[in-house]
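Scroll down for the structure; my scribbles are underneath it.
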Amino acid sequence: MENGNGNGNVEMPGKGLTKIQTNGSGKKGNEVCHDDSSLPVKAQTIDELHSLQKKKSAPTTPITELYEQAIKYEKGSFITSNGALATLSGAKTGRAPRDKRVVKDETTEDELWWGKGSPNIEMDEHTFMVNRERAVDYLNSLEKVFVNDQFLNWDPQNKIKVRIVSARAYHSLFMHNMCIRPTPEELEDFGTPDFTIYNAGKFPCNRYTHYMTSSTSIDLNLARREMVILGTQYAGEMKKGLFSVMHYLMPKRQILSLHSGCNMGKDGDVALFFGLSGTGKTTLSTDHNRYLIGDDEHCWSDNGVSNIEGGCYAKCIDLSREKEPDIWNAIKFGTVLENVVFDEHTREVDYTDKSVTENTRAAYPIEFIPNAKIPCVGPHPKNVILLACDAFGVLPPVSKLNLPQTMYHFISGYTALVAGTVDGIKEPTATFSACFGAAFIMMHPTKYAAMLAEKMQKYGATGWLVNTGWAGGRYGVGSRIKLQYTRKIIDAIHSGTLLNANYKKTEVFGLEIPSEIEGVPSEILDPINAWPDKDAYKETLLKLAGLFKNNFEVFTNYQIGKDNKLTEEIVSAGPIF
Ligand SMILES: Nc1ncnc2c1ncn2[C@@H]1O[C@H](COP(=O)(O)OP(=O)(O)OP(=O)(O)O)[C@@H](O)[C@H]1O
Ligand SMILES: O=C([O-])CC(=O)C(=O)O
Ligand SMILES: [Ca+2]
Ligand SMILES: [Mn+2]
């Protein structure tokens with residue numbers, strides 16, 4: 001087993017090539033170098049000579065080696081003109097939530113959320129072991145496997161040690177970028193990992209195994225603290241698999257885990273950005289005027305916020321230097337570029353090309369963003385921004401929420417999926433995903449919601465709903481709100497000016513909308529203005545309200561927090577019609 005973190009490559013002097021005597025053996029005529037004007041080399045053999053080329057170093061960042069391995073052995077791996085490693089993730093270009101399995105045992109049966117709406121589809125311990133053996137046997141059959149020993153969570157008191165065993169250099173570089181990279185000293189003392197992933201990549205599970213419904217399986221065993229991946233090479237499964245683990249481990253310590261981006265202003269004001277895939281967490285938390293704490297996964301503890309990861313995973317579709325300069329510049333040597341299309345000669349990437357998938361991605365270490373805050377921790381959040389990409393085009397670009405409304409929208413987790421992050425979804429449709437990440441939570445959504453309400457109340461955070469989706473009619477009729485306008489809206493939230501603006505309440509959803517924001521045309525602030533057909537607007541608004549109501553039905557029977565008062569307030573904070 002060779003370590004992807006770089007302790008591999010043991011030189012074997014004397015093997016392979018014919019020995020050539022060099023200087024020092026004393027025998028004249030056999031020396032490599034006859035020219036007395038230059039100093040002789042110290043090597044005795046050609047192999048030794050070669051071994052001198054590479055200085056011994058602590059096993060940390062073997063990026064060059066991973067590039068070489070990927071390019072040599074993994075079809076579809078190339079260096080693009082910006083220096084990034086372009087890779088293909090194979091048949092899967094998004095996660096496969098239907099193929100996720102969680103071992104149900106005596107403990108998890110009571111602790112986890114099972115059944116309707118839950119992302120946790122059960123499997124038994126025995127079947128887990130069958131799949132584990134299959135993955136391990138496959139990995140052992142390979143000439144080389146990659147091992148990453150890394151950390152999750154920048155909060156020093158709640159750091160988790162993870163080991164990732166994988167078959168591809170691409171996977172090793174991806175996780176190297178996405179997890180927190182240990183220092184050589186930390187790696188030296190790494191010890192036993194708290195959690196291990198065995199990623200067999202393309203090697204499938206056996207479809208005739210109990211609980212399996214396809215040849216892909218992503219299996220989580222909390223008791224063994226292990227995950228097995230079979231039949232998918234989409235690297236996001238590892239990233240989000242570990243996120244699920246954090247959604248189990250952290251709340252047990254009274255720490256809230258969040259599917260959110262996070263940044264901090266020069267004055268130390270922290271904002272969280274919640275939202276489902278493609279709603280703008282990465283794009284909006286990567287802000288040249290603010291410090292980036294993280295783009296996707298965070299913890300909120302009594303000490304403040306901390307990023308779970310050590311890297312970012314940005315969507316690349318239609319990426320432009322002008323609109324997203326920091327992400328553009330982060331795509332350089334060391335970055336993994338997934339499933340992008342590039343010019344065969346110049347190796348220049350065409351970010352508009354969706355030939356392979358719409359879910360093209362770049363994975364880079366967080367320090368590739370110039371104003372990243374390292375270590376990635378910050379004080380308690382001041383603003384909690386809920387992002388929705390409303391394909392119906394009826395939600396206002398921004399509204400101020402009271403606490404019950406914030407909880408209502410957090411539990412609802414609404415968006416209209418636009419791109420194909422989740423396997424098979426290509427056209428936009430309304431999606432409700434509890435806590436803006438139902439695919440990753442392990443316990444009932446109300447558990448996380450109660451923790452969020454408590455923290456927001458305790459630290460006085462303000463909630464906002466920002467629609468980064470359509471205006472002037474639904475998808476196909478209107479168009480997506482300009483990123484430039486959304487950025488101005490977010491600026492006004494950060495600066496505090498929006499908190500004191502004039503507001504009016506909308507019909508049905510009862511959202512407080514401002515009358516003006518600097519840099520944003522006032523007429524777009526109330527979505528009805530953008531619809532030429534007012535009846536169609538009202539009809540669509542009521543349709544969406546109905547979808548919200550249906551979705552929320554399952555939550556009305558659950559108590560959120562310590563008493564029923566909060567639950568009642570939350571339920572009545574939804575649309576009224
Ligand atoms: N008004 C807008 N606000 C935010 N993003 C926009 C807007 N208009 C277009 N976009 C595009 O939408 C995409 C938002 O994707 P982003 O990577 O930020 O998603 P995400 O919330 O981080 O999702 P994931 O959890 O899958 O990483 C980007 O490609 C961005 O350029
Ligand atoms: O998981 C992925 O592949 C991408 C992501 O961040 C999400 O879906 O939230
Ligand atoms: Ca993201
Ligand atoms: Mn995400």
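The values are calculated or read from the model by the stated rules, or taken from the named source; none is laboratory data. It should be emphasised that the depicted structure is a prediction, and the values quoted were computed from it without experimental measurement. Glycine gets a Cβ as well: all are built from the backbone with ideal geometry, and neighbour counts include every protein chain shown. We work out accessible area using only protein heavy atoms, side chains counted, and drop any ligands, DNA or RNA first. Shrake-Rupley method; radii C 1.70, N 1.55, O 1.52, S 1.80 Å.
Please list 151-160, 106-115, 543-552 highest first by mean number of surrounding beta-carbon atoms within 10 Å per residue.
151-160, 543-552, 106-115
I'd like to compare 295-303, 283-291: which one has the highest average count of other Cβ atoms within 10 Å, and what's the full order after that?
On the way: 295-303: 23.3, 283-291: 19.9.
In descending order of packing, they fall as 295-303, 283-291.
Where both residues lie in region 377-571, what percent of DSSP beta bridges are antiparallel, nearest 5?
Taking every DSSP beta bridge within region 377-571, about 70 percent pair in antiparallel fashion.
Hey, got the Cα dimensions of region 92-249 along the principal axes, in Å, largest first?
Its Cα atoms span 44, 38, 27 Å along the three principal axes.
For a label point 7 Å from the Cα of residue 402 along Cα→C-beta, name the residues of region 536-577 whose backbone N is under 20 Å from it.
Of the residues in region 536-577, 549, 556, 560-577 have backbone N under 20 Å from the label point off residue 402.
Pull out the extension gain between residue 538 and residue 303, defined as 0.36 nm times the separation in residues minus the alpha carbon to alpha carbon distance; nm, one decimal.
Going from the current span to full extension adds 80.1 nm.
Determine the gain in length on full extension of the stretch residue 207-residue 114; use 0.36 nm per residue of separation and subtract their C-alpha separation, reporting nm with one decimal.
Separation in residues times 0.36 nm, less the Cα-Cα distance, equals 31.2 nm.
So what are the radius of gyration and Dmax for the Cα set of region 377-571, in Å?
According to the Cα coordinates of region 377-571, Rg and Dmax are 16.5, 48 Å.
Which of 197, 249, 170 sits closest to the plus end of the dipole of region 92-249, meaning its Cα is farthest towards the positive end, when Lys and Arg get +1 and Asp and Glu get -1 on the C-beta?
With unit charges placed on the Cβ atoms, the residue in question is 170.
Classify the chain from the C-alpha gyration tensor, please: rounded if a/c falls under 1.5, else prolate or oblate depending on whether a/b exceeds b/c.
Taking the square roots of the gyration eigenvalues as a ≥ b ≥ c, the chain is prolate.
If I take R0 = 22 Å and measure r between the Cβ atoms of residue 53 and residue 142 in this structure, what FRET efficiency does the formula 1/(1 + (r/R0)^6) give, to the nearest 0.05?
After rounding, the FRET efficiency stands at 0.25.
Would you please put 264-275, 382-393 in order of how densely packed they are, using the mean number of other Cβ atoms within 10 angstrom per residue and starting with the highest?
Top of the packing list down: 382-393, 264-275.
Measure off 7 Å from each Cα along the Cα-to-Cβ vector at residue 254 and residue 559, then give the distance between these two points in nanometres to one decimal.
2.0
Before I look further, what does region 377-571 give for accessible area per residue, probe 1.4 Å, in whole square angstrom? List each step's numbers first, then the result.
Numbers: 8040 Å² over 195 residues.
Dividing the accessible area of region 377-571 by its residue count gives 41 Å².
Quick one: Debye curve from the alpha-carbon atoms of region 296-353 only, equal weights, vacuum; give me log10 I(q)/I(0) at q = 0.23, 0.30 Å⁻¹ to two decimals.
Scattering profile of region 296-353, log10 relative to I(0): -1.00, -1.34.
Charges on Cβ only, +1 for Lys and Arg, -1 for Asp and Glu, centred on the Cα centroid of region 377-571; of 380, 486, 399, which one is farthest towards the dipole's positive end?
380
Rank these residues by their accessible area, most exposed first, probe 1.4 Å: 474, 95, 487.
These residues rank, largest area first, as 474, 487, 95.
One quarter of the convex hull surface, Cα atoms only: what value does that give for region 188-301 in nm²?
Details: hull surface 40.7 nm².
Value for region 188-301: 10.2 nm².
Could you size up the charge dipole of region 347-400 around its Cα centre, putting +1 on the beta carbon of Lys and Arg and -1 on that of Asp and Glu, and report it in debye to the nearest 20?
Working: 6 positive and 6 negative charges, 70 e Å.
Charge dipole of region 347-400: 340 debye, to the nearest 20.
Rounded to the nearest 20 debye, what is the charge dipole size of region 505-577 about its Cα centre when +1 sits on each Lys and Arg Cβ and -1 on each Asp and Glu Cβ?
Using only the charged Cβ atoms, the result is roughly 340 debye.
Ignoring ligands, DNA and RNA, what percent of the accessible area of the chain is carbon or sulfur (1.4 Å)?
Answer for the chain is 50 percent, counting heavy atoms of protein chains only.
What is the spin-label model distance, in nm, from residue 91 to residue 320 if the labels are put 7 Å beyond Cα along the C-beta direction?
With each label point 7 Å from Cα toward Cβ, the separation is 3.8 nm.
Where the only charges are on Cβ atoms (+1 Lys, Arg; -1 Asp, Glu), what is the dipole of the chain about its Cα centre, to the nearest 20 debye?
180
Which whole-number value in Å² is the accessible area per residue of region 74-114, probe 1.4 Å?
45
Quick check: pseudo-label points 7 Å beyond the Cα along Cα→Cβ at residue 499 and residue 332, how many nm apart are they?
If labels sit at residue 499 and residue 332, their model points lie 3.6 nm apart.
Calculated from DSSP H runs of 4 or more alone, at -39500 (n - 2.57) each and per residue, what is the 222 nm mean residue ellipticity of the chain, nearest 500?
Numbers: 14 runs with 147 residues, N = 577.
Only helices count here, giving -7500 deg cm²/dmol.
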